[in-house]
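Engineer: This is the structure, below, for whatever I ask next.
None of the figures in this text is laboratory data; all of them are computed from the coordinates on show. Fair warning: this is a prediction, and the values are worked out from it, not measured in the lab. Using ideal geometry, Cβ is built from the backbone for each residue, glycine included, and neighbour counts are taken over all protein chains shown.
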Amino acid sequence: MSGAASLKAEPNDPNAKQSFRERLTAWWEGYEPLSAPKPKAPGPTHEVRYEAEKQRWETTRLRLVQDVWGEGFSSPGGLEYVMSMVKFFGLDPAMSVIDLGAGLGGATRAMCENFGVWVNGFEADANLAEAANALSLKAGLAKRASVVAFDPGTFTHKAKSADCVFSKEFMYTVEDKKEFLKTIETVMKSRGQLLFTDYMVAEPHLRNANIESWIDIEPNGAHPWAESDYRQVLEDLHLDIRVVQDTTESFQKMVTSSWAAFARIAQTAGVSPEIYPALGDEIELWARRMQAIEAGDLKVCRIHALKRDTDKLMADW
């Protein structure tokens, strides 16, 4: 969201040395401690509204994350960001896509609606998967943009069935990434594409206080790799790595601007008391993530790889 301060401040900016946690505290000026903010005055709550009666999966946390990141999204990067990423795929209606770590299905539906492709979404959190499917049903995309719950440790899918595999900040939760990436390579068609972003430690096997503090609070666990770890395994799988890009700075700006916008609206409209526990947990999670990022121990990178034309290679042989 535009208009909010980014983490990269000007030299004379008095907030230049403030951490994300300090800035977040400043945004809640006039509130109780971050674990239990309360509205300054009665007013309408700031939450996502649905036409249908509230469903079982519509928890306070799912309403909160959509307030922060946008309807249908449970992590940074809304529709515009997703479109900027998947443009590298060159999608058309004849193609099929797999979205790993689909969350609430925002990216899954965006690819389907904007390019006419069929997208199979997979989400490790069963509650998120159920909510994502409900939102796809509401959008009339229940079949073409489905999201199912899955276990990354036992993930299987039809071989050579996907033109593109997409994932956004999910791989770090997978413990056996080597085997998971091997499965992904098997699922990809010849000349298929893999595009993902992920949290990566600054160097292999880095486990310092910032990283451990972040890992301790991750709700789905964290087993982060370094960029070089991904490079090695992708090369071992004979995938051609086309792009490796450090996107940490732009990610920081997305996180900061989204939370700042949420705080501004919440200060004006108020926050429903029922959201306090979820809000406290979400703030602490992001404070620890950003602490590791600000310290330079954790970064966010984008990797785009291509599966070699195996049919052509066999013919040449």
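Engineer: Among 157-169, 211-223, how do they line up by average Cβ neighbours within 10 Å per residue, starting with the highest?
Structural biologist: 157-169, 211-223
Engineer: Provide the net charge surrounding Phe150, with neighbours chosen by a C-beta distance below 12 Å and charges set as Lys +1, Arg +1, Asp -1, Glu -1.
Structural biologist: Residues close to Phe150 contribute a combined charge of -4.
Engineer: Starting with the highest mean, order 146-152, 90-96 by the number of other Cβ atoms within 10 Å, averaged over the residues of each peptide.
Structural biologist: For the peptides 146-152, 90-96, the packing ranking is 146-152, 90-96.
Engineer: Within 10 Å, count the other beta carbons around each residue, average over each peptide in 235-244, 130-139, and list them highest first.
Structural biologist: For the peptides 235-244, 130-139, the packing ranking is 130-139, 235-244.
Engineer: For Thr186 and Gln232, what does the FRET efficiency come to when R0 = 25 Å and r is the distance between their Cβ atoms, rounded to the nearest 0.05?
Structural biologist: That pair, Thr186 with Gln232, gives E of 0.85.
Engineer: Something else: For Phe155, Phe170, which order do you get if you count the other beta carbons within 10 Å of each Cβ and list the fewest first?
Structural biologist: Taking fewest neighbouring Cβ atoms as first place, the list is Phe155, Phe170.
Engineer: Another question, then. Report, in whole Å, the centroid distance computed from the Cα atoms of segment 103-157 and segment 198-245.
Structural biologist: One Cα centre to the other: 25 Å.
Engineer: Right, another one. Give, as a single signed number, the net charge of other residues whose beta carbon lies under 10 Å from the beta carbon of Met290, with Lys and Arg counted +1 and Asp and Glu -1.
Structural biologist: Taking every other residue near Met290 into account, the sum is +3.
Engineer: Separate question: Given labels modelled 7 Å from the Cα in the Cβ direction, how far is it in nm from Ser84 to Ala295?
Structural biologist: Each label point lies 7 Å from its Cα, and together they span 2.8 nm.
Engineer: By how many nm would the segment from Asn127 to Ser161 grow when fully extended, if each residue of separation counts as 0.36 nm and the alpha-carbon distance is taken off?
Structural biologist: My answer for the length gained is 9.6 nm.
Engineer: What does a probe at Leu206 reach in segment 217-238, counting residues whose amide N is under 13 Å from the point 7 Å along Cα→Cβ?
Structural biologist: Correct set: 224-229.
Engineer: Using a 7 Å offset from the Cα along the Cα-to-Cβ direction at both Glu71 and Thr59, what is the distance between the two label points in nm, to one decimal?
Structural biologist: 2.2
Engineer: Taking a threshold of 20 Å on the Cα-Cα distance, which of the pairs Lys178/Lys307; Lys160/Lys299; Lys158/Lys182; Lys168/Lys299 fall above it?
Structural biologist: Lys160/Lys299
Engineer: Using 1/(1 + (r/R0)^6) with R0 = 41 angstrom and r between the beta carbons of His223 and Ala269, what's the FRET efficiency to the nearest 0.05?
Structural biologist: 0.60
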